[in-house]
Amino acid sequence: MQPAEWIRFIAQFAHLNRRQRQTGIALLCGNAPHDATIALLESVAQPRLACPACRSPHLHRHGHAHGLQRYRCVPCGRTFNALTGTPLAR
């Protein structure tokens, strides 16, 4: 979004009623628990991260999917994330 568009967009908030403002705030804050959960899961998994297929600790970051960091195993080439092989995987 261009700076001029942003200024016009922000100016419209003054014309919202209380309910519309609360709805907007709830919408903007809606992903905060999800983001915090992902950060917590990845921080817990990071020290023990290894390929679930071959158990190798030699990994490369390989993008993101659904907010989670994906990893690629160097020896076997498989990709996974911090939840692979856990009950939370799907």
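Only the coordinates and a few stated rules stand behind these numbers; no lab work does. Computed from a predicted structure; not experimentally measured. Cβ atoms come from the backbone with ideal geometry, glycine included; neighbour counts cover every protein chain shown.
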Size of charge dipole - the chain - debye, nearest 20, with Cβ of Lys, Arg +1 and Asp, Glu -1, no other charges: 160 debye
What 222 nm value per residue comes from the helices of the chain, counting each DSSP H run with n ≥ 4 as -39,500 (n - 2.57) and dividing by all residues, nearest 500 deg cm²/dmol? -12000 deg cm²/dmol
For F80, what is the net charge nearby, where nearby means another residue's Cβ is under 11 Å from its Cβ and Lys, Arg count +1, Asp, Glu -1? +3
When the distances between all Cα atoms of the chain are binned every 5 Å from zero, what whole-number percent does each bin get? 2, 12, 16, 16, 11, 8, 8, 9, 9, 6, 3, 1
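Pull out the extension gain between A65 and Q12, defined as 0.36 nm times the separation in residues minus the alpha carbon to alpha carbon distance; nm, one decimal.
Details: separation 53, 0.36 × 53 = 19.08 nm, distance 3.40 nm.
Using 0.36 nm per residue and subtracting the Cα-Cα distance, I get 15.7 nm.
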For the chain the mean separation of alpha carbon contacts under 8 Å (6+ apart) over residue count, i.e. relative contact order in percent, is 18 percent
